[in-house]
Amino acid sequence: MQKLKGLWKRLFVNLSRALLLLLIFSLTNCDKDPSSDTEKLISYLSKPSLAMYGDSIIASWPVEEQLSDFNIIKFAFPGVDTNRILSSVQNDSNRYNACLYEGGINDFLENYSPTQGQVDATVNRQIQSIQILLTRCEHVVALNLWNIKFPWPTLAVVMINAEMKERITFVPRIDTELLIQDDMLTDGNHPNKNGYYILSKAVREQLQPFFPILYLNE
């Protein structure tokens, strides 16, 4: 019951912010028809924020279509490794309702014989990033890596996933290798639209219980 009260309190605060900004907006734009802008403002402020950190997987995610229940902020670029993802996390001091972490493959491009020490270092950076996110995100979700195909670093991915399952147990982790099939990939690694749909559904299911506003959009 206490948790439910907390959820509705957050919803009330978000809606109160929306009404306050709506009043300010109306007073400063009284010579315009406010209907469409008002709807956009209320829609924006009533949605929870979701910051997404990662590489090209996050950068190419069609969030406007598939995660439209959230206000999305992306910190993701093609080709970045976990060092650069960690830097993105460290350099961002904003607070969010939810955060999503993804990354690791680019640490091992063209490395088909990774050592355990290299894999440990990658997972250590993943954990460091997630621990920082926990200090400023109400909820954090991690994506592990799915089954990929050569010439992508297949062995490294298997090793990273095994270690993530063992060590990243302090936040919800989506076991994507159970979800993403070969026919959902465009190049043996990056998801096609259907693959992203499956990922979006899994992310939404993880976060939906924490945000009552998401249930109103069903």
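The values are calculated or read from the model by the stated rules, or taken from the named source; none is laboratory data. Just so you know, these numbers come straight off a predicted model, no measurement behind them. Neighbour counts run over all protein chains shown; Cβ positions are idealised from the backbone, glycine included. Surface areas here come from the heavy atoms of the whole protein model, side chains and all, with no ligands, DNA or RNA. Shrake-Rupley method; radii C 1.70, N 1.55, O 1.52, S 1.80 Å.
The residue of the stretch 169-182 that is surrounded by the most Cβ atoms within 10 Å (Cβ to Cβ), among those that are of a type outside the set (D, E, K, R) and over 16 Å from the mean Cα position of the chain (by Cα), is Ile180.
Quick check: anything in the stretch 46-60 more than 16 Å from the chain's Cα centre (by Cα), of a type outside the set (Asp, Glu) and open to solvent by less than 30 Å² (accessible area, probe 1.4 Å)?
Taking the stretch 46-60 and keeping what is more than 16 Å from the chain's Cα centre (by Cα), we get 46.
This time we only want the ones that are of a type outside the set (Asp, Glu), so: 46.
Checking the rest, the ones that are also open to solvent by less than 30 Å² (accessible area, probe 1.4 Å) come to 46.
Yes.
Within the stretch 99-135, the set of residues being closer than 27 Å to Phe210 by Cα and among the aromatic types (Phe, Trp, Tyr) comprises just one member, Tyr101. A search for C-beta distances below 9 Å between a residue of the stretch 120-138 that is in contact (Cβ under 8 Å) with a residue 24 or more places away in the chain and any residue that is open to solvent by 40 Å² or more (accessible area, probe 1.4 Å) and small (Gly, Ala, Ser), counting only pairs 6+ apart in sequence or on different chains, returns Arg136/Ser93. Only residues that are touching a Ser or Thr at 6+ places or on another chain (Cβ under 9 Å) and either open to solvent by 20 Å² or more (accessible area, probe 1.4 Å) or of a type in the set (A, V, I, L, M, F, W, C) (or both) were counted across the stretch 106-123, and they come to 6.
Within the option set Ile168, Ile73, Ile85, being among the β-branched types (Val, Ile, Thr) and touching a Gly at 6+ places or on another chain (Cβ under 8 Å) holds for one residue only, Ile85.
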